[in-house]
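What follows is a set of notes on a single structure, which appears directly below.
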Amino acid sequence: MAGFDKVVSSYEEAMAGLEDGMTVISGGFGLCGIPENLISEIKRKGTKELTLVSNNCGVDDFGLGVLLQDRQIKKIVASYVGENAEFERQMMNGELEVELTPQGTLAEKMRAGGAGIPAFFTATGYGTPVAEGKEEREIDGRMYILEPAIKGDFAIVKAWKADRYGNLVFRKTARNFNPMAATAGKITVVEVEEIVEPGELDPDQIHTPGIYVNRLILGAFEKRIEQRTVRTAQS
Amino acid sequence: MALTREQLAQRVAQELQDGYYVNLGIGIPTLVANYIPEGIEVMLQSENGLLGMGQFPTEDEIDADLINAGKQTVTMATGASVFDSAESFAMIRGGHVDLTVLGAFEVDVNGNIASYMIPGKLIKGMGGAMDLVAGADNIIVTMTHASKHGVSKLLSNCTLPLTGKGCIKKVLTDLAFIEIKEGKFHLLERAPGVSVDEIIKLTEGELVVPNNVPEMKF
């Protein structure tokens, strides 16, 4: 690496420094826009006792779900964890700690974490189990709860295109949590489908500026579809 | 006769207005998209980051990078936009969505809703539901009026963990269309062929019944 060039050549290098007990923030919604090869590398490394922050936890054999197989996850912060039998088993047996967090609150926690805002008030979750133990405040006649920001030792991100400086462009709904995750990691690692030279991306079209990105790697992606729904051409 | 899933969706669709931005939850609410009245324009918001959700793709159009909040492959309508999750929930939390339709396990006379967890049995998570009910002013809950065993889901107090407190004003069940105000359920309409007595019997929370309760029209 030299100057602003963030490109690394191996997944081993991409995830170097990840240690047991660390917090990892991941982009992705369901299996859409997940950093699938960075997840595989965490599995290969065998890092344990991880706290994972992600909207979902994959399925049994794909996405973050693969980290459940060798019990690498100690705790997960997520909004929706259905459709994953091993997850349910570990949660019910108390082997896996789960902090269910409303989806919008989760996105904002990552955004705040990356933006230097330690906590924020939101009406989401007031009067529900999510509010337990949290500060409550009335503002202009409405009740809010104080939600702390989230930061990660690592953030793992999937983007569509990048230049070598780590400027990122996402594609369609594969963007989801990725831009917020990218801001919230002490070390942010991004895998992409295409890397171009600096200057080739239109500065007006960049979703995530390279300042947030520490390491960048070119990957090949399976892009598994969770719910394949189609219509016939006529309908 | 109790309404079918399609009829529930059809009745909700009658509440749509021209120019509405609408978030439809998973299940029955999704079906509402099939009954958008002729001559009006509605833009569907999907909280994973899509405004202007189109129909399901053909085999040729399938794109793994384009899904809805139910993780189903979809397409984009003309004039659609895509954005990240923080932006998506800024729209929702900030009250910019005109109508939210979602399901529930229980609703009570104080507008509380329980929809995301049955302790010890079903723990999948709230997804975006807590943000949706906290952020929207105009929410319609669609649900069955009672369980298969005849246990009411319209209660004086929700028994399950809440998704939101004091945020529901309209409930459409397979038997009735109900408004919640001043700590009571108010019967607005009944499903065709369903008697007021039957609705009263299956409503545990206090129900105000006017002299004339019209049947829903389709």
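Worth pointing out:
- Search result, residues across region A:182-206 that are in contact (Cβ under 8 Å) with a residue 40 or more places away in the chain and either under 21 Å from B:ASP65 (Cα atoms) or away from every other protein chain (no Cβ under 14 Å) (or both): A:ALA182, A:GLY185, A:ILE187, A:VAL189, A:VAL190, A:GLU191, A:ILE195, A:PRO198, A:LEU201
- Filter result for B:MET130 (crowded, with 23+ Cβ neighbours inside 10 Å and modelled with pLDDT of 95 or more): yes
- Residue list for region A:213-233, restricted to those being surrounded by fewer than 14 Cβ atoms within 10 Å (Cβ to Cβ) and among the polar types (S, T, N, Q): A:THR232
- Matching residues, region A:158-181, being at the interface with chain B (Cβ under 10 Å from one of its Cβ atoms) and over 12 Å from the mean Cα position of the chain (by Cα): A:TRP160, A:PHE170, A:ARG171, A:LYS172, A:THR173
- Verdict on A:GLY133 being free of Cβ contacts under 8 Å to residues at least 40 places away in the same chain and on the phi > 0 side of the Ramachandran plot: yes
- Qualifying residues in region A:136-157 (those that are within 14 Å of another protein chain (Cβ to nearest Cβ) and not in a strand (DSSP E or B)) - the one farthest from A:THR208 (Cα to Cα): A:GLY141
- Within region A:213-235, considering residues that are part of a strand (DSSP E or B) and modelled with pLDDT of 95 or more, the one nearest to the other protein chains (Cβ to nearest Cβ): A:LEU218
- Among the residues of region A:173-212, the one identified as surrounded by fewer than 16 Cβ atoms within 10 Å (Cβ to Cβ), hydrophobic (A, V, I, L, M, F, W, C) and part of a helix (DSSP H, G or I) is A:ILE211.
The values are calculated or read from the model by the stated rules, or taken from the named source; none is laboratory data. As the structure is a computational prediction, the values presented were derived from the model and not from experiment. So basically every Cβ, Gly included, is an ideal-geometry build from the backbone, and we count neighbours across all protein chains shown.
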